[in-house]
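Below is one structure; the comments refer to it alone.
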Amino acid sequence: MDLPAYIKQILDEAKSKYVTDGRRPEVGWTCTYLPVEILETANVKPVRIVPEPEAEKADAFLDPNFCPYVRASLGKAIEGGYRDLAGVIILNTCDGMRRLYDAWRYYASPSFAFFLDVPKLVTPEAVNYFREQLEKLTRELQKHFEVEITEKSLLNAVSQMNRTRELYTSLILAHSKGLCSLSYGDFLTLFQREYEMPRGVFNYVLERIVKESNKPSEADPERARVFVTGSILDGEAIIRLVEELGGKIVGLDCCLAERRPDGVSIGKDMLHELSESYLEKVPCARMKDTRTRVEYLIQGLERRGAQGLIYTSLKFCDPYLYEFPYIKEELENKGIPVLFLEGEYRGRPSGGIRTRVQAFLEMLEKRKS
């Protein structure tokens with residue numbers, strides 16, 4: 001789905017003003033627990049691995065009853081869809097990612113491959129362990145790409161990323177209050193273009209968008225307000241569907257949107273600050289902290305005036321399928337309706353999903369009246 005014309009114009013103007021002396025090497029990555037500030041400090045362009053919904057090629061290498069996102073990622077890599085990547089960083093977030101790392105290295109033969117282990121707990125010991133992992137990643141990036149990552153350059157990258165987070169937050173909160181002309185589908189499209197340009201240029205783009213999108217929407221008070229959470233989305237189709245059917249997304253807790261640290265503190269040991277901030281961000285289902293996730297969702301729903309929750313999960317995604325019954329029970333005990341949608345990473349909602357979303361929105365409208 002295209003962005004509004006004025007945003008595309010802002011993006012085009014920003015790109016035309018940016019002149020580079022050389023092309024930055026691109027490194028693919030798979031999870032928001034990776035501090036991309038480290039890649040940007042190494043003058044590497046982060047490329048989020050979000051493949052097209054096609055996995056037939058990978059079915060010959062991985063069981064079909066396997067995470068469809070993992071199969072789609074491997075399929076694209078095997079077919080040469082990521083041939084421009086100078087390397088890949090895969091995070092140890094689930095068994096599917098472990099298998100993806102093994103298969104990617106064997107069948108796609110990247111020149112640089114790093115497996116980043118992420119603790120499942122947030123304790124002082126876990127923070128120190130993750131810091132060691134980040135330090136190892138830093139050393140490998142410096143060695144392979146022949147760059148120097150200093151404390152000063154890392155601090156600068158963190159400061160610029162903090163500015164990005166501030167601008168995102170202002171956009172999202174303005175949207176939830178009906179003070180922003182952009183839809184959440186527009187936000188998701190914008191999120192996916194974040195790494196196409198240097199951080200400073202992208203912040204300039206966001207500042208322009210914040211200023212020019214500050215236009216109240218007259219239709220907002222009449223629309224059913226929905227919060228969405230779950231595993232990785234297969235694009236923006238489900239978000240656009242909710243909006244097309246008359247709903248208003250007021251929060252999107254997924255790893256393509258809001259599931260990022262609020263900010264990273266500036267300190268003498270920036271790797272430690274990154275480790276702590278990324279581990280302490282809103283947890284996903286793979287972390288052993290479902291209670292915190294429930295509290296975050298309830299607070300998010302209340303703070304943004306949401307009337308119901310849509311929970312999305314890919315088929316065979318064990319962490320999210322495992323936690324859903326508990327979240328559903330806790331929210332419904334609070335009187336919050338929940339709709340569960342299970343997808344296959346096809347890039348478009350089925351007719352059945354469309355019918356269920358429409359019925360859910362109609363139910364929310366009736367509860368409101």
Fill in: Förster-model FRET efficiency, 30 Å R0, Ser350 and Asn65, C-beta, rounded to 0.05
0.95
Worksheet item: Given just the C-alpha atoms of the chain, how large is their convex hull per residue in cubic angstrom?
Response: 134 Å³
Worksheet item: If you place +1 on the Cβ of every Lys and Arg, -1 on the Cβ of every Asp and Glu, and leave all else neutral, what size is the dipole of the chain about its Cα centre, to the nearest 20 Debye?
Response: 420 debye
Fill in: Cα point-scatterer Debye curve for region 26-99, base-10 log of I(q)/I(0) at q = 0.18 Å⁻¹
-0.71
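Just subtract the alpha-carbon distance of Gln160 and Asp95 from 0.36 nm times their residue separation and send over the number in nm, one decimal. Please report the intermediate quantities before stating the final value.
On the way: separation 65, 0.36 × 65 = 23.40 nm, distance 3.34 nm.
Between Gln160 and Asp95, full extension yields an extra 20.1 nm.
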Practice prompt. State, to one decimal in nm, how far the label point of Met363 lies from the label point of Glu212, with both points 7 Å from Cα in the Cβ direction.
Written response: 4.1 nm
Worksheet item: Where nothing but the Cβ of Lys and Arg (+1) and of Asp and Glu (-1) is charged, how large is the charge dipole of region 115-188 around its Cα centre, in debye to the nearest 20?
Response: 240 debye
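Relative contact order (percent) for the chain, with alpha-carbon contacts under 8 angstrom and 6 or more residues of separation? The partial results should precede the final answer.
On the way: 538 pairs, mean separation 65.4, N = 369.
About 18 percent, as a whole number.
Viscosity 1.567 mPa s, temperature 4 °C: Stokes-Einstein D of region 234-369 from its Kirkwood Cα radius, in µm² per second? Kindly include the intermediate steps, with their values, before the conclusion.
Numbers: Rh = 16.4 Å.
So the translational diffusion coefficient is about 79 µm²/s.
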Item to complete: Mind scanning Lys45/Lys281; Lys152/Lys281; Lys143/Lys211; Lys45/Lys211; Lys152/Lys177; Lys211/Lys288 and naming the pairs with a C-alpha gap bigger than 30 Å?
Response: Lys143/Lys211; Lys152/Lys177; Lys211/Lys288
Discussion item. Taking every alpha carbon pair in region 299-344, what does the distance histogram look like in 5 angstrom bins from 0, in percent?
Written reply: 5, 20, 30, 23, 14, 8, 1
Discussion item. Below 19 Å, Cα to Cα, which aspartates and glutamates can Lys8 reach? Residues fewer than 8 away in the same chain don't count.
Written reply: Asp186, Glu194, Glu196, Glu207, Glu212, Glu236
Practice prompt. Mind grabbing the base-10 log of I(q)/I(0) for region 89-137 at q = 0.33 Å⁻¹? Debye formula, identical points on the C-alpha positions, no solvent, two decimal places.
Written response: -1.17
Practice prompt. Please go through region 111-193 and write out the GluC sites (Glu not before Pro) that DSSP classes as loop and that have at most 11 other C-beta atoms within 10 Å.
Written response: Glu146, Glu148
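Evaluate 2.2 N^0.38 Å with N set to the residue count of region 324-369, then give the Cα radius of gyration divided by it. Walk me through the intermediate numbers first.
Numbers: Rg = 12.6 Å, N = 46, 2.2 N^0.38 = 9.4 Å.
Relative to the rule-of-thumb radius for its length, region 324-369 sits at 1.34.
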Fill in: Chain lengthening between Lys315 and Leu179 when straightened (0.36 nm per residue, less Cα-Cα)
45.3 nm
Worksheet entry | ³J(HN,Hα) computed for each position of region 189-199 - Karplus, 6.51 cos²θ - 1.76 cosθ + 1.60, integer Hz, glycine/proline x | 4, 5, 4, 6, 9, 4, 9, 6, 9, x, 4
Worksheet item: Could you give the Stokes-Einstein D for region 23-146 in µm² per second, using the C-alpha Kirkwood radius, 20 °C, 1.002 mPa s?
Response: 143 µm²/s
Item to complete: Could you give me the radius of gyration and the Dmax of region 104-180, taking only the C-alpha atoms into account and expressing both in angstrom?
Response: 17.8, 50
Worksheet item: Taking Cα centroids, how far is region 216-286 from region 110-186 in Å?
Response: 15 Å
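Using the crude model of +1 on Lys and Arg Cβ and -1 on Asp and Glu Cβ, and no other charge, please compute the dipole size for region 23-146 relative to its Cα centre, in debye to 20. Before the final figure, lay out the partial values.
On the way: 16 positive and 18 negative charges, 43 e Å.
Dipole magnitude for region 23-146 comes out near 200 debye.
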Worksheet entry | Overall Cα dimensions of region 272-350, principal axis frame, Å, largest first | 44, 30, 21
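Relative to the present Cα-Cα distance, how much length would full extension add between Tyr106 and Glu135 at 0.36 nm per residue of separation?
Values: separation 29, 0.36 × 29 = 10.44 nm, distance 2.54 nm.
My answer for the length gained is 7.9 nm.
The numbers here are math on the coordinates, done by the rules we state, and not lab data. If you're wondering where the values come from, they're calculated on a predicted model, not measured in any experiment. When we count neighbours, we look across all protein chains shown, and the Cβ atoms used for this are built from the backbone with ideal geometry, even at glycine.
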